[in-house]
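This report concerns only the one structure given below.
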Amino acid sequence: MSSHPVLPVLDHLARVIGATTPEQDTAPTPCAGLDVVSLRRHLLGGIGYFTIVLADPDGDQRPDPRACTGPDETEVLVAAIGALSAAVRAALADGVETVSVRAPALGGTFPGDYVLSMLVAEAVVHGWDIARATGQTWRPGTAATEQAHALLADQIKPEYRGGTGMPFAPEVPVSPDAPALDRLLGLAGRSPDWTPTPVTTGG
């Protein structure tokens, strides 16, 4: 198997990231407490982490994905996404069956497909965050969206939601008849109707 739903999502994410401008760095995003540049740093940490674990699935040297240091410009993230796509293709070509994961609130050895689903969820949700914050269109595809929803429904425990330092906000109620992406966003703690708050100035 040489393809996976995550690959077109990563391509789409690279295009969205590449279309952002420096003036948008301080724009708020649906990811609570993070502006565009902060979310870009978060993505750099996560994408670098997935690149390492897929390139060395049995390794025990795992960086903290939250500890992103170094350049964080748009072109750096676009290049990192390209490196991750190459790592995904190589892992698929090698038929990687299991991957050793060590990350906050998650550790152990997981099936390769499960780790790729983790990556799908990260890319689909944060791709929407960036796209919505910068006025761009985000269409990750039904297969990737449903895969991300299944992963998060399995992975998010009640104790992971809300409060300081928790990785997920409380779930946002969304109609079961809503589009797949909206249901995923609600599960991930986002309102599908989120829009940036207009900046007002005193008169």
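Worth pointing out:
- Considering only residues in region 20-43 that are open to solvent by less than 40 Å² (accessible area, probe 1.4 Å) and in a helix (DSSP H, G or I), the one that is farthest from Ala67 (Cα to Cα) turns out to be Val36.
- Residues that are within 16 Å of the chain's Cα centre (by Cα) and on the phi > 0 side of the Ramachandran plot, drawn from region 130-162: Gly141
Every residue, every condition in (1) over 26 Å from Arg190 (Cα atoms); (2) touching a strand residue (DSSP E or B) at 6+ places or on another chain (Cβ under 8 Å), yes or no:
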| site | (1), (2) |
| --- | --- |
| Ala87 | yes, no |
| Ala90 | yes, no |
| Thr109 | yes, yes |
| Ser117 | no, no |
| Ala121 | no, no |
| Trp128 | no, no |
| Gly135 | no, no |
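- Checking each residue in region 50-64 for being in contact (Cβ under 8 Å) with a residue 24 or more places away in the chain and either assigned to a loop (DSSP other than H, G, I, E, B) or closer than 26 Å to Gly186 by Cβ (or both) picks out Phe50, Pro57, Asp58, Gly59, Asp60, Arg62, Asp64.
- Residue in region 50-60 that is of a type in the set (Gly, Ala, Ser), modelled with pLDDT of 90 or more and surrounded by fewer than 22 Cβ atoms within 10 Å (Cβ to Cβ) present: yes
- Per the listing Trp128, Trp138, the residue uniquely at pLDDT 90 or above and either touching a His at 6+ places or on another chain (Cβ under 8 Å) or over 17 Å from Thr29 (Cβ atoms) (or both) is Trp138.
- Flag: Ile17 matches the condition of being more than 14 Å from Ala83 (Cα to Cα) and assigned to a helix (DSSP H, G or I).
- Scanning region 1-19 for residues that are under 30 Å from Asp94 (Cβ atoms), touching a residue at least 60 places away in the same chain (Cβ under 8 Å) and open to solvent by 50 Å² or more (accessible area, probe 1.4 Å) yields Met1, Ser2, Ser3, Pro8, Asp11.
The values are calculated or read from the model by the stated rules, or taken from the named source; none is laboratory data. Treat the numbers as computed from the prediction; the structure is a model and nothing was measured. Backbone-built Cβ (ideal geometry, glycine too); neighbour counts: all protein chains shown. Calculation scope for accessible area: heavy atoms of the full protein, side chains included, ligands and nucleic acids excluded. Shrake-Rupley method; radii C 1.70, N 1.55, O 1.52, S 1.80 Å.
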